[in-house]
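K.L.:
Got a structure here, written out as structure tokens. Questions coming.
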Amino acid sequence: MRKDIIKSLIALRQNDIPFDVVERDVKLPINRQKIITVPGVRRCGKSTMMEIAINNLVKESVPKRNILWIGFDDERLFNMSSDELDDVIVSYMEMFPDVQIKDVHMFFDEIQLIKGWEYFVLRIYKSYCKNIYICGSNAAMLSSELGSALRGYPLEYETYPLSFNEFCRFNGIATDVFLEQDKARLKNAFEEYNHTSAFPEIVLTRSKSEQLKLLHGYFDTMILRDLAEHYNIRNTGVVRYFIKRIMANLTKPTSINAIYNDIKSQGLKVSKDDLYLWSDYACNVFMFVRIPRYSHSLAKEHKSLDKYYCIDNGLRGAVLMPQSNDNGKNLENTVFMELYRRRQPSDKISYYQGKSECDFVIQREDRVVHLIQVTWSMEDKETRERELNGLLEASSATGCSTLLVITDDEEDCFKVDGKSVNVIPAWKWLLLANEGEDKTRRNVPDGS
């Protein structure tokens, strides 16, 4: 009976090929003879990334019958044990007895729902099939836990909500032409991108009320399942408030100790150590990415306050409700997420703070290669002086002379104290070509 269900699921997915999906900027590799894992925040399009990979395989003349896709979120498979996972392979072989299993491309979606799944995957990889793709939507599919479960074998391709280029593609807006009407369209698209959600489902949902309902659902699931359930946290009310406090402090150094004192003053019970752990967990499940203060000393860097950036502006807006001063914060968050997407394995992103501040210090190996300020506008004299002072001080401290200011819609190039400063509109900077898809892959050992 179970094998009949599995055969039906495999056949249904094969009938859907090629999948009707919108292309993403980063593509999963095909025929790499590796376990390819796709970690990322919930609802960011991980399953779609695998569907795109299948489309590309078919374009390369791989027969549909050589594709084995099984989604373990079907309620008829909920009671499967790891021992019964062999039924998947046996069922496929009964359907296609003439296909050699080594020539099959296997796609396992939500396989983390089956306890002990990792032993099955490793055995299949070592003994039968080298092309295996895995993704899932809960915290068990995190980068660190995948690496541990699969013993260093996987190549990881982190997936995020849409980039601005992808956002334009989803909305049918061309990004490779720059006539005046095209620029106006891109500027308008950026204004929307900067304050709304970039989760694919949200972008494709036109009703604002439906978008808000979906985003609240995402947030609740992240809190209740990815954090509370996975990490065995009982005090979900305090967790929810704690996450909101970090969201509210976006772009600023965040003191966990200060949040602890605030929570304590309200008569709520939680330990400071718990809050530090929760901040780690929130980053683990991709709700936030944090960066340290730049320092030559690792000890000083470790003691400094981190900045937290949110995985999605729209998610933050739905949870906190929009504030009057959010445009600048959203812009800095948007720029950071693009920097994070573009980073190379050897890159490190931090912020500089001395007498003045610089938003982003980009370090490649042992050398600082970019200094970036983000501000909504440079028109105000006081704002202009503050941003330039931060760049110049950071330049003196790091020895880096590649200075960039990203604004909402201003463009310029000038010299200050003998150093060139480039000013560029965010919409234009965001559309600069990525330097290659492999830089989105974490520096994970290939294994053997």
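The values are calculated or read from the model by the stated rules, or taken from the named source; none is laboratory data. As the structure is a prediction and not an experimental result, all values here were calculated from the model. Note that each Cβ is placed from the backbone with ideal geometry, even for glycine, and that neighbours are counted across all protein chains shown. Please note that ligands, DNA and RNA were not included when accessible areas were found on the heavy atoms of the full protein model with its side chains. Shrake-Rupley method; radii C 1.70, N 1.55, O 1.52, S 1.80 Å.
K.L.:
With a sphere of radius 11 Å drawn around the Cβ of residue 305, what net charge do the other residues whose Cβ falls strictly inside it have (Lys, Arg +1; Asp, Glu -1)? Walk me through the numbers before you get to the answer.
P.N.:
On the way: positive: 252, 290, 293, 303, 307; negative: 301, 306.
Result for the local shell: +3.
K.L.:
Something else now. How much accessible area per residue does the chain have, counting only protein heavy atoms and a probe of 1.4 Å, in square angstrom? Don't jump to the answer; show the numbers that get you there.
P.N.:
Details: 20430 Å² over 448 residues.
Accessible area per residue, the chain: 46 Å².
K.L.:
Continuing with this model, one more query. Any chance you could give the angle, 0 to 90 degrees and rounded to 10, that helix 46-59 forms with the longest Cα principal axis of the chain?
P.N.:
60
K.L.:
Sticking with this structure for a sec: Would you work out if the range 271-398 is rounded, prolate or oblate? Take a ≥ b ≥ c from the square roots of the eigenvalues of the alpha-carbon gyration tensor; rounded if a/c is under 1.5, else prolate when a/b is larger than b/c, oblate otherwise.
P.N.:
On the way: a/c = 1.64, a/b = 1.10, b/c = 1.49.
Verdict is oblate for the range 271-398.
K.L.:
On to the next question. Give me the number: length gained by fully extending residue 33 to residue 86, i.e. 0.36 nm times residue separation minus the C-alpha to C-alpha distance, one decimal in nm. Walk me through the intermediate numbers first.
P.N.:
Details: separation 53, 0.36 × 53 = 19.08 nm, distance 2.07 nm.
Using 0.36 nm per residue and subtracting the Cα-Cα distance, I get 17.0 nm.
K.L.:
What is the distance in Å between the Cα centres of the range 8-35 and the range 324-347?
P.N.:
When both Cα centres are located, 29 Å separates them.
K.L.:
How many percent of DSSP beta bridges within the chain run antiparallel, rounded to 5? Each step should come with its number before you reach the end.
P.N.:
Numbers: 23 of 50 bridges.
Counting only bridges with both partners in the chain, antiparallel ones make up about 45 percent.
K.L.:
What residue among 427, 117, 69 has the largest mean-square fluctuation in a Gaussian network model of the chain, using Cα springs under 10 Å?
P.N.:
117
K.L.:
Considering only C-alpha atoms, what is the centroid distance from the range 229-301 to the range 206-226, in Å?
P.N.:
Taking the Cα centre of the range 206-226 as reference, the centre of the range 229-301 is 21 Å away.
K.L.:
Also, quick follow-up: Where does the charge balance sit around residue 23 when Lys and Arg score +1, Asp and Glu -1, over other residues with C-beta under 10 Å from its C-beta?
P.N.:
Result for the local shell: +1.
K.L.:
Rg and Dmax of the range 20-132 over Cα atoms: what are they, in angstrom?
P.N.:
For the range 20-132, the Cα radius of gyration and maximum Cα-Cα distance read 14.0, 39 Å.
K.L.:
Please report, as a whole percent, how much of the solvent-accessible surface of the range 316-395 comes from carbon and sulfur atoms (probe radius 1.4 Å).
P.N.:
Values: 1520 of 3570 Å².
Heavy-atom surface of the range 316-395 belonging to carbon and sulfur, 1.4 Å probe: 43 percent.
K.L.:
Quick check: at a probe of 1.4 Å, how many percent of the accessible area of the range 132-197 sits on carbon and sulfur atoms?
P.N.:
Details: 1150 of 2410 Å².
Carbon-and-sulfur percentage of accessible area, whole number: 48.
K.L.:
Using a/c under 1.5 as the rounded threshold, could you call the range 1-67 rounded, prolate or oblate? The axes a ≥ b ≥ c are square roots of the C-alpha gyration tensor eigenvalues, and prolate needs a/b larger than b/c, oblate otherwise.
P.N.:
Working: a/c = 1.68, a/b = 1.35, b/c = 1.25.
It comes out prolate by the Cα gyration axes.
K.L.:
Once you have the alpha carbon radius of gyration of the range 144-210, what is it after dividing by 2.2 N^0.38 Å, with N set to its residue count?
P.N.:
Details: Rg = 17.0 Å, N = 67, 2.2 N^0.38 = 10.9 Å.
The range 144-210 yields a ratio of 1.56.
K.L.:
Using helices alone, I'd like the mean residue ellipticity at 222 nm for the chain: each DSSP H run of four-plus residues gives -39500 (n - 2.57), total over residue count, nearest 500.
P.N.:
Working: 17 runs with 187 residues, N = 448.
Roughly -12500 deg cm²/dmol at 222 nm, from the helical runs in the chain.
K.L.:
Residue 380: net charge of surrounding residues, Cβ under 11 Å, Lys/Arg +1, Asp/Glu -1, itself excluded?
P.N.:
Details: positive: 381, 384, 386; negative: 379, 382, 385, 387.
With Lys, Arg at +1 and Asp, Glu at -1, the net is -1.
K.L.:
Of the heavy-atom accessible surface of the range 23-123 (probe 1.4 angstrom), what whole percent is carbon and sulfur?
P.N.:
On the way: 1940 of 4190 Å².
Using a 1.4 Å probe with all protein chains present, the range 23-123 comes out at 46 percent carbon and sulfur.
K.L.:
Taking amide H positions as placed in the peptide plane 1.01 Å from N, state which residues far from residue 357 in sequence (5 or more) or on other chains have amide H under 5 Å from it.
P.N.:
So residue 357 has HN proximity to 390.
K.L.:
By a straight-distance test (C-alpha under 30 Å), which lysines pair with residue 126 as possible cross-link partners, with residues fewer than eight away in the same chain excluded?
P.N.:
3, 7, 27, 34, 46, 59, 64, 102, 115, 439
K.L.:
With the cut-off at 1.5 for a/c, could you classify the range 135-247 from its C-alpha gyration tensor as rounded, prolate or oblate? Spell out each step's value before the answer.
P.N.:
Working: a/c = 3.00, a/b = 1.59, b/c = 1.88.
Oblate, because a/c is 1.5 or more while a/b does not exceed b/c.
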